[in-house]
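Structure record follows, encoded as structure tokens.
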Amino acid sequence: MSTSTATQTSFSIGQARKIVADLFEPKPWIYWTDFLLSLGVGGACYATVRRIDNVTISAICFLVSCFLYYRVVLFTHEMTHLRDGTFKTFRFVWNLFCGIPFLIPSYLYYIHLDHHRRKSYGTEHDGEYLALANGPRWKIIVYLAQSFVIPPLAAFRFLVLTPASWFCPPLRRWLHRHACSMIMDPGFVRPEPTDRERRIWRIQETGCFLVCAGVAWWIYRGRIPVSFLYQVYATGVFIVIMNEIRTMAAHGFTSDGEEMTFSDQLVDSVNFPGRPLIGGLWAPVGLRYHALHHLFPSMPYHNLDAAHHRLMAELPADSPYRRTVSPGLWATMSQLWRLSKQWEHDQRRSKAAEQTPHEHHLPRPKQRARSRTADMSS
């Protein structure tokens, strides 16, 4: 979905909201059932992987545990958009059984709300946006390749840097600015937290440190087998890769760094309504409707499918919302790769065009020599 195709028709948020006005109330029982079942079944499969000698069954259990843990992890996105002060018990339980043990406490994702602010989206103030379509292809490759180092870096961050920062204020400030966010842009600088946020950060960071310290102690005592560490690493890499693929498919990433209109932001976002079972694996908890989510960030994930079908049925035929629909993950990823390749081609042509005018003024001795030879021959 490229913003190069200008949105000729204005988009009425009010009109769209009327169509889905009854779909904004979250249902706690769905959140709890989904979360607890995913966590429970995922944990059972995870524990089964190393207890079964059958390679095929072990591999299936591993994949099931990875996909379910990935689903559980992405509830952090949903919690960020729930109204402040609600779902307190759910937030606590999620951090206790997922966020802290997985080293992704919820405070790391608070910054996500800036991604939804019109003046921030696609600019340097948006840590969740990289203009991958307007850059070389190696950036796409590097972005995916970093998945293999993020899990050990997270462990180092909480096991070593967290306690060190308690005694070193400059390190603490650096961590706050550069290592306290789940983002795409590695150069993003996070604003300093408020006093209330700082207290929450310290509590959750301490929990992550204790988890890492406990695992390190059991490794030292020889109570944890090497196979367990391999599985932890493989699971972490799987979750990070899946999330990065999902993130790369969520937008067109065609921004030039300037502010975009709401309609252009909408068209730069993508919906994947087809193949719900497959889409629910790589983009769970409603995230396959990312354009719809940007339209109504507070709409609960369990109502997005119904909302999308209503909008497609009732919005005008020329509505920009219809441009957000993608035929599939492969089509969107291929388009991103082609746009990046085209950017490289345009850059080469631009450099060649800049050099051409200077070449006209350079002496061409070889050509003059050939001309003199031709004259003598004649």
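Computed from the coordinates by the stated procedures, all read-outs in this text should not be read as laboratory data. Keep in mind that this is a model prediction, so the values were computed, not measured. Here the Cβ is made from the backbone with ideal geometry for all residues, glycine too, and neighbour counts use every protein chain on show.
At-a-glance table
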| read-out | value |
| --- | --- |
| Stretchable slack from THR123 to THR261, in nm (0.36 nm times residue separation minus alpha-carbon distance) | 48.4 nm |
| Residue exposure sequence - SER227, SER147 - by fewest surrounding Cβ within 10 Å | SER227, SER147 |
| Candidates ILE239, ILE100, ILE219, ranked by Gaussian network fluctuation over the chain, Cα under 10 Å, top entry | ILE219 |
| If the convex hull is drawn through the Cα atoms of region 1-156, its volume per residue in Å³ | 199 |
| Nearest 10 degrees, 0 to 90: helix 329-359 Cα axis against the chain principal axis | 30 |
| Cα-based shape type of region 228-283, given that a ≥ b ≥ c are square roots of the gyration tensor eigenvalues and the cut on a/c is 1.5 | oblate |
| Rounded, prolate or oblate (a/c below 1.5 giving rounded, otherwise prolate when a/b exceeds b/c) for region 133-242 by Cα gyration tensor | oblate |
| With Cα atoms, 0 to 90° folded angle of helix 28-48 axis to the chain main axis | 90 |
| Residues TRP217 and TYR143, FRET efficiency given R0 of 30 Å [Cβ-Cβ distance, rounded to 0.05] | 0.30 |
| Label-point separation, ASP195 to LEU113 (7 Å along Cα→Cβ), nm | 1.9 |
| Value of [θ]222 nm, deg cm²/dmol, for the chain, DSSP H segments ≥ 4, -39500 (n - 2.57) each, nearest 500 | -18000 deg cm²/dmol |
| Exposure rule at most 16 other beta-carbon atoms within 10 Å, DSSP loop trypsin sites (Lys or Arg not before Pro): the chain longest free segment | 224-378 |
| Max mean-square fluctuation residue, GNM over the chain, Cα-Cα springs under 10 Å, options MET182, MET312, MET333 | MET312 |
| Whole-number D in µm² s⁻¹ for region 77-132, Kirkwood Cα-pair radius fed into Stokes-Einstein, 4 °C, 1.567 mPa s | 103 |
| Projected area averaged over orientations for the chain, convex hull of C-alpha atoms, nm² | 29.1 |
| Rel. contact order, % - alpha carbon contacts under 8 angstrom, at least six apart, region 82-133 | 17 |
| Shape category assigned to region 187-268 from the gyration tensor of Cα positions, a/c cut at 1.5 | oblate |
| Farthest toward positive dipole pole in region 192-294 [+1 Lys/Arg, -1 Asp/Glu at C-beta], among PHE209, LEU277, SER255 | PHE209 |
| Footprinting exposure proxy for THR86, THR76 (fewest neighbouring C-beta atoms within 10 Å first) | THR86, THR76 |
| Least to most buried among TRP218, TRP282 (fewest other Cβ within 10 Å first) | TRP218, TRP282 |
